[in-house]
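Trainee: One structure coming up, written as structure tokens, with questions to follow.
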Amino acid sequence: MESIADLFRCDESRASLDDRTWNDLLLDDVFARLDRTESSVGQQSLYGRLRRAPVPRDLDAFDALVARLTGDVNLRERAQVALARLRHSSGYYLHRLARPDALVRPWWHVVFPLWTAAVLMTLALGFVWHGFFVLAIIGLVINFVIRVVTSLRVGGEAVWFRQVGPLISIAESLLVCDESTTAAITGSLKADLVALRRIGAVARWVSRGADSGPPTDLAGLIIEYINIQLLMDLNALYFASRELQSRAPHLLRVIKAVGEIDAAIAVASFRETAGGWIRPTVTTPNAPAVLADLRHPLIDDAVPNSIALAPPHGVLITGSNMSGKSTFLRTVGVNAVLAQTINTCLARTYEAPVYQVRTCIGRADDLMAGKSYYVVEVESVLSLVKASGRVEPHLFIFDELFRGTNAIERIAAGEAVLRSLIDNGKPHVVLAATHDGELVELLGEAYSVYHLGDSIGSNGLIFDYHLTPGPATTRNAITLLKLNGAPESLVAQALSRAEELDRHRRAVVTSG
């Protein structure tokens, strides 16, 4: 995953999902479910598309590309066969060749092509006088030593450069994907390939066999031997370095176009197997969100749920342990991300503004920085509070705010945060799961309340995973004690104390 994310990490110029939100929504796993790509650059494009903020023109072109590849089976299969040539792991770092600090060659590297020419000339003269063969053998031994010595400094770049040949060949075969509706992605592909013509000529020699990994056949081994003995990688990098520096934007656009075509095939495949999907309807920033029959892509036979989210009101989700609150939060968040990045929702209806999605769901200590879970959560929550001051609509998702501290401060701080996110007519939507009935009562005028119910059957607890209006009316923590063999006296004492504390809580809230 680190290699797949490398292209995204090197270009975070556009707004994107932060690491906390990505991890909270388990988007590594969602990416894995979507990933039907054939190439390394395809994986990187799909990953980057899921993480970056949407651009309408780009999204329309991507959706048109998905539709084209869905409808034209012959084109899709030919594209997949071509893309499979770029599976090598070094393809994840092709984009690094376009960096300003890549392929910087000292002036004295001119000695490598001159030396190689001298060795070749000595070999040729050996047919005139055999003594030159001895000199040629000495030269080849020196070349081998040079290759070993320089491998640590240019080895990575040489391996990356070997993927340029397959990339350009694949891009040439994918020119048929270019049309007016996909121009935002594929429109410059032909011109970029023309600009990379010289680099392609150099790369094709050293790239032979690079798409299939280390050579195993006799011809591949011979080519690899010649590459080593004649310093072909070093010479190729020497001649291509200046050209790559001046043609870097063209290389990056070709990488993007090829990767996006592969990602489009993956999305087309996902749609075919998703068991029901729709394109989202994008509404104005202050319009309510209408989400009907949402499903989570990682759950087979998921129970669909519906909800309306209307700013400046928030939603509280209540329910007992294991009732599905966290899963529902993630279902909303993941579908918002998929809607805005690949134009695909697992739902019957998805009508909503474009949201900046921010979450605070998972629990984690920061051991390296010496921070407790509570401190890490406070920092995360405050970053969301700060983000709420922006004008663009946000979808804020919380699961059990401040659960790392005592009940009184948790409720007080939770109420203050949840109010601040939507006060003064802010265009944001807040979705928060809680076990605290006090929050439901304190925020009653500002937050709608739903719950996921449960019941006790002959085999224990039963969950229906259906979202229902109103607060939860059941608890299962004490029931779980009983079902797991706790003494009857302990269970009875816990129930009695729970009822007493509940009466006291209602009295305090009513008087307050």
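Trainee: Collect the residues in region 178-218 that are of a type in the set (D, E, K, R) and modelled with pLDDT under 75, keeping them in residue-number order.
Mentor: Of everything in region 178-218, those that are of a type in the set (D, E, K, R) and modelled with pLDDT under 75 turn out to be Arg204, Arg208, Asp211, Asp217.
Trainee: Separate question: Could you list, in sequence order, all residues of region 85-100 that are part of a loop (DSSP other than H, G, I, E, B) and under 13 Å from Gln43 (Cα atoms)?
Mentor: Arg87, His88 - these are the residues of region 85-100 that are part of a loop (DSSP other than H, G, I, E, B) and under 13 Å from Gln43 (Cα atoms).
Residue-by-condition table, conditions (1) closer than 24 Å to Leu346 by Cβ; (2) touching a Lys or Arg at 6+ places or on another chain (Cβ under 6 Å):
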residue	(1), (2)
Arg9	no, no
Ser16	yes, yes
Arg20	yes, no
Asp28	yes, no
Ala32	yes, no
Val41	no, no
Tyr47	yes, no
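Trainee: Which of the following residues is in contact with a strand residue (DSSP E or B) (Cβ under 6 Å, 6 or more places away or on another chain) and at pLDDT 65 or above: Pro280, Pro249, Pro285? Let's see the steps before the verdict.
Mentor: Numbers: Pro249 fails: in contact with a strand residue (DSSP E or B) (Cβ under 6 Å, 6 or more places away or on another chain); Pro285 fails: in contact with a strand residue (DSSP E or B) (Cβ under 6 Å, 6 or more places away or on another chain).
Step by step, each of Pro280, Pro249, Pro285 is checked, and only Pro280 is in contact with a strand residue (DSSP E or B) (Cβ under 6 Å, 6 or more places away or on another chain) and at pLDDT 65 or above.
Trainee: How many of the residues making up region 466-480 are of a type in the set (Ser, Thr, Tyr) and touching a residue at least 24 places away in the same chain (Cβ under 8 Å)?
Mentor: 1
Trainee: Considering only region 248-263, I want to know if a residue exists there that is closer than 22 Å to Arg348 by Cα, crowded, with 21+ Cβ neighbours inside 10 Å and among the hydrophobic types (A, V, I, L, M, F, W, C).
Mentor: no
Trainee: Can you find a residue in region 148-160 that is part of a helix (DSSP H, G or I), under 26 Å from the mean Cα position of the chain (by Cα) and at pLDDT 80 or above? Write out each step before concluding.
Mentor: In the first step, residues of region 148-160 are kept if they are part of a helix (DSSP H, G or I); the result is 148-160.
Still in the list and also under 26 Å from the mean Cα position of the chain (by Cα): 156-157, 159-160.
Add one more test, that the residue is at pLDDT 80 or above, and what stays is 160.
Checked against the condition, which is being part of a helix (DSSP H, G or I), under 26 Å from the mean Cα position of the chain (by Cα) and at pLDDT 80 or above, region 148-160 yields at least one hit.
Trainee: Scan region 169-184 residue by residue and report those that are closer than 19 Å to Gly200 by Cβ and among the polar types (S, T, N, Q).
Mentor: Once the filter is applied, which keeps residues that are closer than 19 Å to Gly200 by Cβ and among the polar types (S, T, N, Q), region 169-184 yields Ser169, Ser173.
Trainee: Which numbered condition trips up Arg20, out of (1) surrounded by fewer than 21 Cβ atoms within 10 Å (Cβ to Cβ); (2) under 9 Å from the mean Cα position of the chain (by Cα)?
Mentor: Going through the list (1) surrounded by fewer than 21 Cβ atoms within 10 Å (Cβ to Cβ); (2) under 9 Å from the mean Cα position of the chain (by Cα), Arg20 breaks only (2).
Trainee: While we're looking at this one, here's another question. Can you tell me which residues in region 423-444 are closer than 18 Å to Ile307 by Cα and either of a type in the set (Asp, Glu) or within 31 Å of the chain's Cα centre (by Cα) (or both)?
Mentor: Passing the criteria: Pro427, His428, Val429, Val430, Leu431, Ala432, Ala433, Thr434.
Trainee: Also: Return the residue satisfying two criteria in turn: it lies in region 64-98 and is farther than 26 Å from Cys10 by Cβ and among the basic types (Lys, Arg), and of such residues it is surrounded by the fewest Cβ atoms within 10 Å (Cβ to Cβ).
Mentor: Ranking the candidates gives Arg78 first.
The values are calculated or read from the model by the stated rules, or taken from the named source; none is laboratory data. Worth saying up front: this structure is predicted, and the values here are computed from it rather than measured. Because the Cβ atoms are built from the backbone with ideal geometry, glycine has one as well, and the counts that use them run over all protein chains shown.
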